[in-house]
Every structure is written in C-alpha cells, then in structure tokens.
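A.B. asks: Let me give you the structure first, and then I'll get to my questions.
The values are calculated or read from the model by the stated rules, or taken from the named source; none is laboratory data. Bear in mind the structure is a predicted one, so any value in this text is a computation, not a measurement. As a convention, Cβ positions derive from the backbone with ideal geometry for all residues, glycine included, and neighbour counts pool all protein chains shown. In case anyone asks, the SASA skips ligands and DNA or RNA and just uses the protein heavy atoms, side chains included. Shrake-Rupley method; radii C 1.70, N 1.55, O 1.52, S 1.80 Å.
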Amino acid sequence: MDIRAEFLNFFEKKNHKIIESAPLVPDDATLLFNNAGMVPFKNIFTGDIPAPNPPRATSSQVCLRAGGKHNDLENVGYTNRHHTLFEMLGNFSFGDYFKEEAIAYAWEFITEVLEIPADKLWVTVHDSDDEAEELWKKHISADRIMRLGDADNFWQMGDTGPCGPCSEIFYDQGAEHFNSTEDKMGGEGDRFLEIWNLVFMQYERDANGTLNPLPKPSIDTGMGLERVIAIKEGKISNYDTSLFMPLIEEVSKISGVAYNYEEGASFRVIADHIRAVSFLLAQGVNFDKEGRGYVLRRILRRAVRHGYLLGIREPFMYKLVDVLNSTMSEQYPYLSEKAENVKELIRLEEKRFLKTIASGLALFEQELENTGDIFSGEVAFKLYDTFGFPLDLTEDMLREKSMGVDSAEFDRLMTEQRTRAKASWKGSGDAASSGDFKSLLEEFGTNKFSGYGNLNQETKVLALLDDSFKRVESLESGEKGWVFLEETPFYAESGGQVGDEGTLKEIAKVLDTKKFFDLNLSNVEVTSQIKVGDKVQAIVDDKRAEIARHHTATHLLHSALKEILGSHVSQAGSLNDHKRVRFDFSHPKAMSSEEISKVEDFVNNAVLKAINVKTEVMNVEEAKNSGAMALFGEKYGDEVRVVSVGDVSLELCGGTHIENSSQIGAFFITKESGVSAGVRRIEAVCSKSALELAKTFRADIEKVSQEVKNKDPMVGIKRLKDEVHSLKAEIKALQKVGKKELVSQKIGDTEVVVEIVEAGDIKEMIDELKNKNDSLAVMLLQKKGDKVMLAAGVKNANIKAGAWIKEIAPILGGGGGGRDDFAQAGGKDVSKILEAVEKSKEFVKSQLS
C-alpha cells in the first residue's frame, strides 16, 4: 500500500487541495527548518493572509528536526521512532470544517483505508474538551477515551496567537512486546504509540494570557508517515521497515559487520542521517560553519563517527545515496536529478572530516582518563575548533560513557571566538515582515505587473502603508512608506533580480520594489503629498535596461557552466542588478583559468550570434516537459514564463530580459571564488559595466608601461625581473663575505648555539649548522625593523624546538610554534631581545643537563 498516496487521495475526495511538500528551508525567518506540516500554512493560521479557495488542504510535508527548539538529534538511533528527517501527513481546515468532520475523517481513514483494527486504537482529549469527547463516542467506546492536561493535549504556536486543545490517536503495539510499569495509556513507555494529532485551533491567546474564541476555528493535523508504515508492516521499530532496512543492509555490507537491533544504534543513526543529508543537499543547503549549513555538517559528521565505530575508515556515506533514491526519488524526483552532485559533496565532506577524526578521538580518550563525571568544556571546544567535532557529537560519545560535558565553559569559549570573528548567526538573515497585508489582499487581491513591455504608465494608488506597513490615507513630503498601485510597471525583487527604482512623476522617488505575500509594493520617498485614490505617472528608472542585460547574461552563464563543467551544476543563488551578475552554483572545486576562459567565450559567442530572446507563457507542466530549467524552491504559479535564447538556454523565469543576445554587448568574468563547501561563485559584468572594465584594463596597462618605462609592459617587466635576480645574487655574495661566525658551546654531546644575527636567512643558517653537527640545539634571533624574528632547530637532542619557541616568544610579545625539529616565531618587543637570549640559554641547559 502506498500510504502517502492513499492519504492524499482520501482527502482530495473530501474537497481538499493537495499541496506539494514545501522546501525544508521555510519562508520564515524565525525557523531553521520546516519542522511540522503546518509551517507552510502559518501565515494563514495567524491571519496575516486570507484563507485560500478552497479553504481546506492536505499535504505530505518533509520535515526536519535537528536544531533549535525542535531538536530530536540526540535520540536518533537510540529509540524506535525518533528521526531527523520525516514526513508528516496532514489535513487542514482554514475556518471551514471543525472538530466533528476532523474526527470523522481521521477515524474513517485509519479504520477503513488503513484497515487498522478499532480494538487497537485509543484516543486522548484535553481535560476541558467535552465536545471532542462526545464526538469521539460516535466512533470509539468511552473506556478508550482518556482526558489529559495542557502538557499533553493543548497546542499553541507561541506565547500569543492561535492555539487550542488537541486530540491524539494512539495505536496499541501489544502487551507481549512491552512490560514496564510505564507501558500504559498516558505513561512514558512505548507500548501505546501516538500516530495522529488533531489540533482544534479555536482560541486566540492575547498578551495577558486570556483565551478569546476565534470567529472561524481551524484544523491542523499531523500524522507521521514512518510510524504508519511500521504499523502496516507489523514492525515495532520504524527502522525495521522498508524505508530504512535497505540502508541498514547496505551499511552492513560496506562495514562487514552484521546488524542486530540491540547493538545496532550506529546502523540506525547512519540510515536516518543519510536521508536528512541527501534531502538538504538536493534542496540547495550546503555544508557551512554556521546556520543551516552547520546543522547539515553536524548531521553528516555524527554519521561518519558512527561509521568509524563500525570500523569504516574511508568515505562511505555517499555510497548510500543511490539506495535512498531507490525508495524516495519517485515521490521526490529532485533526489535522482541531483544525485551525482549530492554524492560528490558528501564524499568531499567525509574526506575532510576523516583527516582529523583519528586525532580528535585520541584527544577525547586522553581527556577521559582525567575526567570524573563532567568532561572538560575547554577540551570539547578544542575538539570542535581544531578537529571539527560538533559539541553534540562529543555529547553523543560521552552519553555512551554515561557522562556529561561542561557546556557552560564550551559556550563561554564559543562566545569569545564569535566575538573575535564578529560572526554570530541570527536566524536566516531575512527580516520577518508583518503589517496590513491581509486587508489589502481581502480588499484588492494582488495587483498586476505591467512592466514587461511598459516602463511608463498612468495608474492609481489603491493603498499606502507607512514604514511599519500599517495602512495610512496619505504620505506627506519628506516621509517614506510603501505604495500599492492598481497596475505597476515596477518589478518586485525576486528570482535574483533586484527590485526596480524610478519615480511617481512630481510626487515621489521610488527607492525599491518588493513582494509581500504576492503584493507588489514600492518603497517611496515622498516629495509632494500623495493620497489614496490619486492618479500617478509611474516611470521605471533607466537602470532597468542594464538589469535586463545582466539577467539574460546570467541565463547564458548558467548554460555555459553546465556545458563546460558538467550537468551536475545547478544554481544555488544569484543577484542581477544594473552593474553586475553574481551567480552561485554547485561545483566541488575551484575553476581553472582555462575553464573560466571557456565559460566566458561560450557566453560571448552567444552574444556575437545575435540570438533572439523569446518569452512564452505556458502552464507549469508543459514548461517542465519542454526541458526548461526550474529552480528548486521557487514558487511557480499555474502559468509560468519560459525564457529561451535560441537553443542555448531555456529557463522558467519571471524576470525581465532583453530582446536579442547582442544587446549584452560583451561579457567578462571578474572573479571566481568559494562560498561554502561545494558551492562556487562567479561575479561578472556586461554591457556598460563591461565597457568600463575594458577602459580600466587599458588605463592600468598604460600605468604599468609608464612605471616600467617601456611601451611594451611585458618587456619592461622582464628587464626589472632580471635586475632583481642579479641584485639578489649580489646580496647573497655579500652576506657570505660578511657572515658572522656563530659561537657554540657543548652541553653533553650536543652543540648549543644561541645568538643574535644581524643579517641573512636564519632558517638557512640553522640548516647549515644541522649539516655540520651530529647533535645540535640552536636558537637564532634577528631584528627586523621594530620586530624580532626567532627560529629554533634541533637534531638528535633531548629538546623540542616547538616547546623552546613557545617558552621564549612570549618574552618578546609574540607567539609561534612548529615541529620538534624546527619552529619559528615573531615578536613585537625589540627591547627584550637580550633577555630572550639569556632565557633561551637557561631553557636549553635545563633540558639537556
């Protein structure tokens, strides 16, 4: 039985609209990930936007709980039912049906579609919800209904806002499998498994904590797909089902270790984590040092460490991707489309961590010998900072020893580091916007964008908002706010293209244009009073033409990268304004100069061919079937615009473009760099910006010619290089003539040299001394302006160069280190150089005597 399909079809027959699973990265600045089925509908439940038509929906939402408030990571692999990534089946009513229908639908689906025996089912209701209890009695005997309090059966989105009692459906897994005193309804045991939660959103909690009844109550339900599959397959653990066992069997094959449930936590961790890692990477999240990318890194490294416990010493997680896709890619095609890139990104990240894991584990074991109940927060931080061990990985390892970690000390050190680096992640970086958007949508709906072919238009002001997005009747001269036009030629920022600037003729300057819940609003600075109902002349700034040129160039660049680097390339972000292109894309390594040149040539060849740019409007399925590239996570309506540049480029795009590729003029790549692991960035210019760049090149060449005093700068540079080479040879010869004879003394069998040298290469001097002596300890110091350089060398002696340097460098206000046989450092206090010499002698004597 395809439970996901059965669920969606069931509710579609009940007049629910099937909603595709939203991306794991939510359109919500307060959340790391989509962690529940209702998250994509949050703005409807909170009343920020009106209810859709029809006012009921159903979905199978991919969710992730591995960070923030909802974090199941530490339980994954150790319980039967916890997962990082899971699917939540849900049905939703937005002020339409309520408790009676929600309860009836749930009962019908469970008992008639899933055919789960009624004598295996129990339900709970809130202890104040008489209505829900009476409704349940129509379906199940009263002795199988239990009342529980707020902790179990009351749901709220936050301290204020929509909330209400809930009712949970439980499945009895059988007394034969569970025998603890907590294996009872309402207990903490696992015998009674919660499978479906029905939330009755009937109140609005105000700032005083008062519950006010909502005029149109709503329904939000959630049922874990993995749990239902386990029930239908007769399994006690989700991990024993057809979703996870193929992955566990592959891990067993790779490791050569047989799987058994009692000792198989590592297998289950790996099987769970490859799902989360694959979905995140396929959806465009990449390994990073902070935010969502860091959560992704933590999940993978936790899995790699569990592979290490199974004896796996080489990258292996990437080998599980195809096994996962065999069970999941039919429902989520992007998994197979991105498979090769996902595998390569995982393999590289595994390789990176495996370089340090052995050293990190050695440090961990060493510290354990000195640990009572609490592991050092300083060592935990060193494991994180030096060896790439996330804190929860260290906690995971300590959990196996029934120990804890000094998290306060770890947090203190982490805060210090973040303060130094001035890099502390705060949410997604997007401003959470709230305002009178709902009233605009209810009164006017969305406004029409007319700016594809019209840059100067008379239109009407339907509404005005102040800087806080609250509706006002007018804006006065000098004020800033937002204007909502009946029909607007101003493009709202989206798809990487910046929002339009311009003017409302003789009334206001348009500073920017953005979308809020599909409302196209322009940010204005008023020069003469503007009122609701005014007729205005909306004029788009001339910058738009340059923006369009850069946007079309971006499409050509995307095609060029796929052609030159491979089909694994996919867009990971972009910015197109009137001066440049910034394009992020998936690729595991830096591009070579040759590859950059080929990409540049590809785009310029398309420009020279003067290809017509064609835009067609078609339904989304027709567009995808035509081969047009669609970007994951972009919101496309029923009808989409498809932009083609001959047979060179074909993409779904709502942005503005030129009419012919020749209008791009010329295209130059100005920079190629890394953004994060597996993501590269190209910055480029075209049209006027390309011309300005070419002028800069010419001016720079003229300057170089003047500096090297030759019309041919390369000839002049070669002459200078020859002169430098000749002078270096002369200096070397003079240094040999005037080289200071270094004085040594013998301590035991070791020649010891501690000297200040005025000139020469001190490393070279140390190497020469090593060649002349069988046993040597040498420390040389040299003034360099207002600084001191020092280096130590050791050969066959009972002293370590690194330790010697660390002892002496602080005297000079510096630091450094190195190997046991050679180390060097720098200092800032020249006045202490003689003291450093004496301390050096004392230290070497103490070590060799």
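A.B. asks: Identify, by number, the condition in (1) part of a loop (DSSP other than H, G, I, E, B); (2) within 29 Å of Ile229 (Cβ to Cβ); (3) open to solvent by 40 Å² or more (accessible area, probe 1.4 Å) that Asn34 doesn't meet.
C.D. replies: Result: Asn34 fails condition (3) only.
A.B. asks: Restricting to the stretch 309-358, give me the number of residues that are among the aliphatic types (A, V, I, L, M), more than 24 Å from Glu226 (Cα to Cα) and not in a loop (DSSP other than H, G, I, E, B).
C.D. replies: Qualifying residue count for the region: 7.
A.B. asks: Taking the conditions exactly as written (closer than 22 Å to Ser849 by Cβ and part of a loop (DSSP other than H, G, I, E, B)), does Leu780 satisfy them or not?
C.D. replies: Considered against the rule, which asks whether it is closer than 22 Å to Ser849 by Cβ and part of a loop (DSSP other than H, G, I, E, B), Leu780 comes out as no.
A.B. asks: Let me ask something else about it. Given the conditions (1) touching a strand residue (DSSP E or B) at 6+ places or on another chain (Cβ under 6 Å); (2) at pLDDT 95 or above, which single one is not true for Trp107?
C.D. replies: (1)
A.B. asks: Taking into account only those residues within the stretch 136-165 that are within 42 Å of the chain's Cα centre (by Cα) and acidic (Asp, Glu), which is farthest from Lys184 (Cα to Cα)?
C.D. replies: Among those residues, the one meeting the criterion is Asp159.
Results for (1) among the β-branched types (Val, Ile, Thr); (2) closer than 21 Å to Ser570 by Cβ; (3) modelled with pLDDT under 95, shown as yes or no for each residue.
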{"residue": "Gly293", "(1), (2), (3)": "no, yes, yes"}
{"residue": "Arg305", "(1), (2), (3)": "no, no, yes"}
{"residue": "Ile312", "(1), (2), (3)": "yes, no, yes"}
{"residue": "Tyr318", "(1), (2), (3)": "no, yes, no"}
{"residue": "Val321", "(1), (2), (3)": "yes, yes, no"}
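A.B. asks: Right, another one. Look at the stretch 456-499 and say how many of its residues are over 13 Å from Lys515 (Cβ atoms), crowded, with 20+ Cβ neighbours inside 10 Å and not β-branched (Val, Ile, Thr).
C.D. replies: 8
A.B. asks: From the residues in the stretch 656-667 that are of a type in the set (S, T, N, Q), assigned to a helix (DSSP H, G or I) and touching a strand residue (DSSP E or B) at 6+ places or on another chain (Cβ under 9 Å), which one is least open to solvent (accessible area, probe 1.4 Å)?
C.D. replies: The extreme case among them is Ser661.
A.B. asks: While we're on this one: When only residues in the stretch 306-322 that are in contact (Cβ under 8 Å) with a residue 40 or more places away in the chain and open to solvent by 30 Å² or more (accessible area, probe 1.4 Å) count, which is nearest to the chain's Cα centre (by Cα)?
C.D. replies: Checked the stretch 306-322; the qualifying residue nearest to the chain's Cα centre (by Cα) is Lys319.
A.B. asks: Shifting gears a bit: Count, please, the residues in the stretch 365-390 that happen to be of a type in the set (S, T, N, Q), assigned to a helix (DSSP H, G or I) and either open to solvent by less than 40 Å² (accessible area, probe 1.4 Å) or touching a helix residue (DSSP H, G or I) at 6+ places or on another chain (Cβ under 8 Å) (or both).
C.D. replies: Residues that pass the stated criteria total 1.
A.B. asks: Ok, one more. I'm trying to understand the selection: among the residues of the stretch 768-777, which are closer than 23 Å to Leu812 by Cβ and not in a strand (DSSP E or B)?
C.D. replies: Listed by number, the list holds a single entry, Leu769.
A.B. asks: Within 27 Å of the chain's Cα centre (by Cα), at pLDDT below 95, assigned to a strand (DSSP E or B) and under 21 Å from Leu281 (Cα atoms) - does that describe any residue in the stretch 633-654?
C.D. replies: Among the residues of the stretch 633-654, not one is within 27 Å of the chain's Cα centre (by Cα), at pLDDT below 95, assigned to a strand (DSSP E or B) and under 21 Å from Leu281 (Cα atoms), which makes the answer no.
A.B. asks: A further question follows. Quick check on my filter: what residues within the stretch 207-227 are touching a Leu at 6+ places or on another chain (Cβ under 9 Å) and either charged (D, E, K, R) or not in a strand (DSSP E or B) (or both)?
C.D. replies: Selection gives Asp220, Leu225, Glu226, Arg227.
A.B. asks: Taking the stretch 576-601 on its own, how many of its residues are farther than 24 Å from Arg641 by Cβ and either among the charged types (D, E, K, R) or in contact (Cβ under 8 Å) with a residue 12 or more places away in the chain (or both)?
C.D. replies: 14
A.B. asks: Oh, and also: Could you list, in sequence order, all residues of the stretch 228-254 that are among the polar types (S, T, N, Q), within 16 Å of Ile3 (Cβ to Cβ) and assigned to a helix (DSSP H, G or I)?
C.D. replies: Asn238
A.B. asks: Any residue in the stretch 207-215 that is buried (at least 20 other Cβ atoms within 10 Å of the Cβ) and touching a strand residue (DSSP E or B) at 6+ places or on another chain (Cβ under 6 Å)?
C.D. replies: Looking for residues that are buried (at least 20 other Cβ atoms within 10 Å of the Cβ) and touching a strand residue (DSSP E or B) at 6+ places or on another chain (Cβ under 6 Å), one finds none in the stretch 207-215, hence no.
A.B. asks: So for the stretch 615-636 (the condition being within 30 Å of Val295 (Cβ to Cβ), open to solvent by less than 30 Å² (accessible area, probe 1.4 Å) and in contact with a Leu (Cβ under 9 Å, 6 or more places away or on another chain)), does at least one residue qualify?
C.D. replies: So far as the stretch 615-636 goes, no, none of its residues is within 30 Å of Val295 (Cβ to Cβ), open to solvent by less than 30 Å² (accessible area, probe 1.4 Å) and in contact with a Leu (Cβ under 9 Å, 6 or more places away or on another chain).
A.B. asks: Same structure, new question: Are there strands (runs of 3 or more DSSP E) fully within the stretch 668-762 with at least 2 residues that are more than 30 Å from Lys787 (Cβ to Cβ) and either open to solvent by less than 100 Å² (accessible area, probe 1.4 Å) or in contact with a strand residue (DSSP E or B) (Cβ under 8 Å, 6 or more places away or on another chain) (or both)? List them.
C.D. replies: In the stretch 668-762, the matching strands (runs of 3 or more DSSP E) lie at 679-686.
A.B. asks: Only one of Ala303, Ala362 is aliphatic (A, V, I, L, M), assigned to a helix (DSSP H, G or I), closer than 26 Å to Val405 by Cβ and open to solvent by 10 Å² or more (accessible area, probe 1.4 Å); which?
C.D. replies: Residue meeting the stated conditions: Ala362.
A.B. asks: Out of Gly234, Gly293, report the one residue that is in contact (Cβ under 8 Å) with a residue 40 or more places away in the chain and either touching a strand residue (DSSP E or B) at 6+ places or on another chain (Cβ under 9 Å) or not charged (D, E, K, R) (or both).
C.D. replies: Gly293
A.B. asks: Here is a check on your reading of the model: is Ile270 within 19 Å of the chain's Cα centre (by Cα), aliphatic (A, V, I, L, M) and under 29 Å from Pro23 (Cα atoms)?
C.D. replies: Judged against the criteria, Ile270 is not a match.
A.B. asks: Considering Met789, Met779, which residue is in contact with a strand residue (DSSP E or B) (Cβ under 8 Å, 6 or more places away or on another chain) and in contact (Cβ under 8 Å) with a residue 60 or more places away in the chain?
C.D. replies: Met779
A.B. asks: Here's a check for you: in the stretch 706-760, which residue that is among the small types (Gly, Ala, Ser) and over 52 Å from the mean Cα position of the chain (by Cα) is nearest to Ala792 (Cα to Cα)?
C.D. replies: Ser744
A.B. asks: Determine if the stretch 104-111 includes at least one residue that is among the small types (Gly, Ala, Ser) and more than 29 Å from the chain's Cα centre (by Cα).
C.D. replies: Yes, the conditions are met somewhere in the stretch 104-111.
A.B. asks: Could I ask something else about it? Scanning the stretch 1-31 for residues that are among the basic types (Lys, Arg) and more than 30 Å from Pro213 (Cβ to Cβ), which turns out surrounded by the most Cβ atoms within 10 Å (Cβ to Cβ)?
C.D. replies: Among those residues, the one meeting the criterion is Arg4.
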